[in-house]
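Engineer: Here you go, one structure.
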Amino acid sequence: MNTAINFPNLGIYLDHVGKSITIFGFEIAYYGIIMGTSILLGLYLAEREAKRTGQNPDIYTDMAIYAIIFSIICARVYYVIFSWDNYKNNLLSIFNLRQGGIAIYGSIIGAVATVYVYCRVKKQSFLLMVDTACIGLVAGQILGRWGNFFNREAFGGYTNNLFAMQLPVSAVRAHEITDEMWAHAQLIGGEQFIQVHPTFLYESLWNLGVICFLYWYRTKKRFQGELFLTYLLGYGLGRVWIEGLRTDQLQIGDTGIPVSQLLAGLLILFSLCMIFLGRRKNVSGEKHEQTDEHQKSD
């Protein structure tokens, strides 16, 4: 298999981009290494944010053990549900994660559900914890998307823009190659290459912008949970347009509707409504307190 990945309009040509590394006879996928590193990065930043806000960071270490397990399970379940035709005739393949097939929104759902249950059991503030954890979550997404780069997956349709990425046909899944990609396929060094949107890069860069905004906005939030809602809003805005570019979309049955794009859109509306209501309630509360203080002074 040809292992080259090119960004011709940037003048970047990577001749040998492997998918794994062998250590002491064991083959370890770069995807797995990146996912593991992204989890550690996310936990580190969440613990730092916990210290900054006067919380016990050990709580987040304890919670992360459960959140990681259930987020992986939910990410896989989400993917399998919306690509059932690939698994219905071989149910055991559902458990073969080495073949790939997880969905970030499934992971987020699993993580948030775990945090909610954990907070109920441990008598912690759910809204404070998701506000704290969302910074680590988006940081993990920034790094984690680069696992798709090494796997030559999660790319979009044909483009010739500045960031256009060329992949050898032999390195990608055939069903993800569209007619338009074939029409613009190029023969390079005797190998056919397709040229596509590097949507993994778009999402990584978009999330970099999201985390920068969260770091700026965290001291300006008006109510508990607002930072997490802002994350859902920011990530959703990026996911709506990026998901529309991809050729490996998980769709709702035969409707042709990308499930993650629909979910992102719904979360945008939900977040906007909750932020509006939360800020409105906060303003009303402040006015009420000011009125009470004025009456007392009289």
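Engineer: Give the value in nm², to one decimal: projected area of the alpha carbon convex hull of the chain, averaged over all directions.
Structural biologist: Mean orientational projected area (the chain, Cα hull): 20.0 nm².
Engineer: Sorted from largest down, give the three principal axis spans of the alpha carbons of the stretch 40-104, whole angstrom values.
Structural biologist: Here the spans come out as 52, 16, 16 Å, largest first.
Engineer: Further, regarding this structure: Going by how many other Cβ atoms sit within 10 Å of their own, how do Asp15, Asp62 line up, fewest first?
Structural biologist: Starting with the residue having the fewest Cβ neighbours, the order is Asp15, Asp62.
Engineer: In percent, how large is the relative contact order of the stretch 124-204, given Cα pairs closer than 8 Å and 6 or more residues apart?
Structural biologist: 39
Engineer: How long are the three semi-axes of the equivalent ellipsoid for the stretch 57-203, computed from the Cα gyration tensor as the root of 5 times each eigenvalue, in whole Å, largest first?
Structural biologist: Ellipsoid half-lengths, sorted descending, are 37, 19, 11 Å.
Engineer: Just to be sure I understand: with springs between alpha-carbon atoms less than 10 Å apart, which residue in Gly140, Gly234, Gly244 has the highest mean-square fluctuation in the Gaussian network model of the chain?
Structural biologist: It is Gly244.
Engineer: Additional query: Loop-only chymotrypsin sites (Phe, Trp or Tyr not before Pro) in the stretch 1-35, please: DSSP not H, G, I, E or B, and at most 14 other Cβ atoms within 10 Å.
Structural biologist: Within the stretch 1-35, the qualifying chymotrypsin sites (Phe, Trp or Tyr not before Pro) (loop, at most 14 other Cβ atoms within 10 Å) are Phe24.
Engineer: Out of the trypsin sites (Lys or Arg not before Pro) in the stretch 199-244, which ones are loop residues according to DSSP with at most 14 other C-beta atoms within 10 Å?
Structural biologist: Of the trypsin sites (Lys or Arg not before Pro), the ones in loops of the stretch 199-244 whose Cβ has at most 14 other Cβ atoms within 10 Å are Lys220, Arg222.
Engineer: Expressed as an acute angle from 0 to 90° and rounded to the nearest 10, what is the orientation of the C-alpha long axis of helix 199-217 relative to the principal long axis of the chain?
Structural biologist: That works out to roughly 20 degrees.
Engineer: If you don't mind, there's one more thing I want to ask. Calculate for the chain the 222 nm mean residue ellipticity that helices alone would give, adding -39,500 (n - 2.57) per DSSP H run of length 4 or more and normalising by residue count, nearest 500 deg cm²/dmol.
Structural biologist: -19500 deg cm²/dmol, from helical runs alone.
Engineer: With charges only on Cβ, +1 for K and R and -1 for D and E, what is the dipole size of the stretch 174-277 about its Cα centre, in debye, rounded to 20?
Structural biologist: Value, rounded to 20: 880 debye.
Engineer: In addition: Determine, for Tyr231, Tyr79, Tyr118, the number of other Cβ atoms within 10 Å of each Cβ, and report the residues in order from fewest to most.
Structural biologist: Fewest to most other Cβ atoms nearby, the residues stand as Tyr118, Tyr79, Tyr231.
Engineer: Anyone know which of Leu97, Leu229, Leu40 comes out most mobile in the 10 Å Cα GNM of the chain?
Structural biologist: Checking each option, the largest mean-square fluctuation is seen for Leu97.
Engineer: If we count other beta carbons within 10 Å of each Cβ, what is the order of Leu128, Leu162, fewest first?
Structural biologist: If I rank by nearby Cβ atoms, fewest first, I get Leu162, Leu128.
No value in this document is a laboratory result; all are computed from the given coordinates. Here the structure is a predicted model, which means the values were calculated and not measured. Quick reminder, even Gly has a Cβ in these numbers, built from the backbone with ideal geometry, and neighbours come from all protein chains shown.
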